[in-house]
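Please treat every number below as a calculation from the coordinates, not as lab data. Just so it is clear, the model here is predicted, and its values are computed rather than measured. Because the Cβ atoms are built from the backbone with ideal geometry, glycine has one as well, and the counts that use them run over all protein chains shown.
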Amino acid sequence: MTSPITPATGAAYARIMAVGGYRPSRIVTNDEVCKRIDSSDEWIRERSGIIERRYAADDETVVDMATAAATKAIEKSGINASEVGLVLVASVTHPYPTPSAAAEVAFRVGALGSAATDISSACAGFCYGIALADSVVRSGAAKYVIVIGVEKLSDWTDHSDRSTAFIFADGAGAVVIGPSDVPAIGPVVWGSDGEQRDAINMTQSLIEYRDEPGPIFPALTMQGQQVFRWAVGDMAKTAQRALDVAHVAADDLDAFIPHQANMRITDAMIRALKLPAHVPVARDIAYTGNTSAASIPLAMERMLDDHEVEHGGTALLIGFGAGLVFASQVVTLP
Ligand code: UT7
């Protein structure tokens, strides 16, 4: 049967054209965190690798940080904001179920009229966004896509909970994705395991809090050891599959940029992947903390700025977190 529909046609391939990060100005030391929990600077450094993190100002929003990061990425990409066809904001800390953060960010960066939507994939959100943007550019649904990972986790953390208070932090990172003549984003390996939904959860829903408020405003909870085991076991295998489907050997990587969950998780993944010692590894968590969806683009920007990896290098990305959900792909760095 013939169809009356003409399909969209897009680019042969897609690539990351530019990355831009936004780090809030307020530095929060481990000693400051320890004023509210029974812990120490030494324990936090040893168990997580975190030396300090950044918190946004009280009046600084998810949309403010996303706009700052996206504006920087658009400027570096050389495109005009009016050419952007889709804005994707990956975040779990935008405080409004509706309207989306993305619609406001699109307006504020000058991507007037572009499609816009939010992604809820926690710490995997940025890699989900890359996968979706890659498909969108190749399908022709948009020529240029902005993917932003942004979190204000300090608003949704119980600062007296010693299992989460030292981990989470705030920030934003954005990339512009557009057409490419050569492959520059490998196939995504992604999935979910909803059976482990309680591994990272909230103390209460907002409706439960309205009807019967608990002692604190709804905050993140984490079964740290459960998440740690899953990340070290299953996620190293996921990262290996992302290498395999892209036909890239670990030896050919110029950078490994995993979600900055915990420095010990990163080290365990390096061992499981048998990553050669010459491959630089993102360790932005030391001065940025765990910024969930923002951690990979922030780490990517830092590695490029510090010349740990060259522009055009090949990097393995992997995001994993609440859901549980995960996504991994090999990319060419902008
Ligand atoms: O980004 C989303 C995904 N999130 C992650 O990937 C995080 C994964 N999990 C982790 O990173 C780690 O589980 C944590 C860093 C959260 C915790 O480290 P851990 O080595 O798993 O600690 P633990 O829960 O096994 O606790 C070990 C010990 C316990 O004491 P005992 O029973 O051995 O005497 C805890 O009571 O450390 C104690 N402890 C602390 N001590 C000082 C737990 N939290 C603290 C603390 N300060 N903040």
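Quick one: Debye curve from the C-alpha atoms of segment 1-81, no solvent, what's log10 I(q)/I(0) at q = 0.11, 0.17, 0.21, 0.26 Å⁻¹?
So the normalised log intensities work out to -0.57, -0.87, -1.00, -1.16.
Considering only lysines 8 or more places apart in sequence, or on different chains, count the pairs in the chain whose C-alpha atoms sit under 30 Å apart.
8
Pairs of alpha-carbon atoms within less than 8 angstrom and 6+ residues apart define the contacts here; what relative contact order does segment 107-184 have, in percent?
This gives 28 percent for segment 107-184.
Taking the Cα centre as origin and putting +1 on Lys and Arg beta-carbons and -1 on Asp and Glu beta-carbons, what dipole magnitude results for the chain, to the nearest 20 debye?
Using Cβ point charges on Lys, Arg, Asp and Glu, the chain gives about 520 debye.
Which whole-number percentage describes the relative contact order of the chain, with Cα contacts under 8 Å and a sequence gap of 6 or more?
Averaging sequence separation for qualifying contacts and normalising by length gives 26 percent for the chain.
Would you report the distance distribution of C-alpha pairs in segment 105-253 as whole percents per 5 angstrom bin, up to the bin with the largest distance?
Histogram of Cα-Cα distances, whole percents per bin: 2, 7, 13, 16, 17, 15, 13, 10, 5, 2, 1, 0.
For T2 and A272 in the same chain, what is the full-extension length gain: residue separation times 0.36 nm, less their Cα-Cα distance, in nm?
92.1 nm
At q = 0.17 Å⁻¹, what log₁₀ I(q)/I(0) does a Debye calculation on the Cα points of segment 13-180 give, no solvent, two decimals?
Taken in order of the listed q values, log10 I(q)/I(0) reads -0.93.
Please check which bits of segment 154-169 a label hung off Q226 would reach, taking the label as a point 7 Å along Cα-to-C-beta and the cut-off as backbone N under 16 Å.
163-164
With the Cα gyration tensor of segment 189-332 in hand, give its eigenvalues times 5 under a square root as the equivalent ellipsoid semi-axes, listed largest first in whole angstrom.
Semi-axes from the Cα gyration tensor: 31, 17, 12 Å.
Arrange the following residues from fewest to most other Cβ atoms within 10 Å of their Cβ: D252, D38, D118.
Placing the least packed residue first, the sequence is D38, D252, D118.
Relative contact order for segment 189-332: what percent, with Cα pairs under 8 Å and sequence separation of 6 or more?
Averaging sequence separation for qualifying contacts and normalising by length gives 34 percent for segment 189-332.
Does a label point 7 Å from the Cα of Y209, set along Cα-to-beta-carbon, have any residues of segment 123-162 with amide nitrogen under 15 Å, and which are they?
Flagged as within label range: 152-161.
Can you give the charge dipole size of segment 216-334 about its Cα centre, rounded to the nearest 20 debye, using +1 on the beta carbon of Lys and Arg and -1 on the beta carbon of Asp and Glu?
Values: 8 positive and 12 negative charges, 121 e Å.
Roughly 580 debye, rounded to the nearest 20.
Using the number of other C-beta atoms within 10 angstrom as an exposure proxy, rank M65, M1 with the fewest first.
Ascending Cβ contact count within 10 Å gives the list M1, M65.
Can you say what percent of the DSSP beta bridges in segment 13-180, counting only those with both residues inside, are antiparallel? Round to 5.
65
For S39 and D234 in the same chain, what is the full-extension length gain: residue separation times 0.36 nm, less their Cα-Cα distance, in nm? Walk me through the numbers before you get to the answer.
On the way: separation 195, 0.36 × 195 = 70.20 nm, distance 2.94 nm.
That pair, S39 and D234, stretches by 67.3 nm at full extension.
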